[in-house]
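Here's the structure, in structure tokens; my notes come after.
The values are calculated or read from the model by the stated rules, or taken from the named source; none is laboratory data. Note that this is a predicted model, so its numbers are computed, not measured. Quick reminder, even Gly has a Cβ in these numbers, built from the backbone with ideal geometry, and neighbours come from all protein chains shown. What goes into the accessible areas is simple: the full protein's heavy atoms, side chains included, and nothing from ligands, DNA or RNA. Shrake-Rupley method; radii C 1.70, N 1.55, O 1.52, S 1.80 Å.
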Amino acid sequence: MSAQVETAQDNSARPVKLAPSILSCDFAHLADEMGAIAGADWAHVDVMDGMFVPNISFGLPILAAARRASNLPLDVHLMIERPERYLKDFAAAGADSLTVHVESTPHVHRAVQQIRELGKRAGVTLNPGTPLEAVRPLLGDVDLVLVMSVNPGFGGQKFIPASLERVRTLRRWLDEMGSDAELQVDGGVSSTNARAVVSAGATVLVAGSAVFGPGGAKAGLERLREALK
């Protein structure tokens, strides 16, 4: 059963979604791990190709297995070069949303259009060192904007504090446009900083090691939820 946390931000209350990243789960027990996060809102799926980022994670078979094991919306973050080559395949494997990096293709707007044509939520993201202006022209065409609060490629990294200001800026831009796009944050999110991230304007929190850690994923998810109360 999905559980959303209502958190006050300035003069409004925004529903906050929790999206555990299965990059940190025990893949020998994937079905059990997906069951343990059944109380989340989404499951976040990090796909890495070893070229766009210095790591290889997993691809279509793991996504398809996660789809069979869970009814959660699968939020797929493509850290791969030229993602437009594989959008149709990831959609067919069970993705509900597909997020692409502005740095990964010279045709990022076309990739966003392709995702929309596939009937999926379209997301866009950028690395911590990329100016936010790179995503601004796309804000009117996406359903989700992801702020990377670590340099992508590996789980378990520490949150980059300057990411909070990037979240605030994007929140302002989205609000000025009247956009209802989700503002997602991924990287180093934990029970110690979750409130600050949400206060900055995030509506979706991705957490890997903070959820799939000591005590199991169900307990980790609950710790994160409690931190937002």
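Checking each residue in region 1-27 for being over 15 Å from Gly208 (Cα atoms) and either at pLDDT 95 or above or in a loop (DSSP other than H, G, I, E, B) (or both) picks out Met1, Ser2, Ala3, Gln4, Asp10, Asn11, Val16. Restricted to strands (runs of 3 or more DSSP E) entirely inside region 42-146, those with at least 3 residues that are without any contact (Cβ under 8 Å) to a residue 40 or more places away in the chain are 74-79, 121-126. Among what's in region 188-212 and is without any contact (Cβ under 8 Å) to a residue 40 or more places away in the chain and assigned to a loop (DSSP other than H, G, I, E, B), pick the residue that is most open to solvent (accessible area, probe 1.4 Å). This residue is Thr192. Residues that are farther than 15 Å from Phe212 by Cα and touching a Phe, Trp or Tyr at 6+ places or on another chain (Cβ under 8 Å) within region 181-196 comprise just one, Asn193. Within region 129-144, if we keep just the residues that are in contact with a strand residue (DSSP E or B) (Cβ under 8 Å, 6 or more places away or on another chain) and open to solvent by 30 Å² or more (accessible area, probe 1.4 Å), the residue that is farthest from Val167 (Cα to Cα) turns out to be Asp141. Taken over region 164-187, residues that are in contact with a Leu (Cβ under 9 Å, 6 or more places away or on another chain) and open to solvent by 10 Å² or more (accessible area, probe 1.4 Å) amount to 9. Scanning region 145-163 for residues that are buried (at least 20 other Cβ atoms within 10 Å of the Cβ) and hydrophobic (A, V, I, L, M, F, W, C) yields Val145, Leu146, Val147, Met148. Just the residues that are modelled with pLDDT under 95 and closer than 22 Å to Arg85 by Cα, please, taken from region 128-152. If the condition is that a residue be modelled with pLDDT under 95 and closer than 22 Å to Arg85 by Cα, then Pro152 is the only one that fits.
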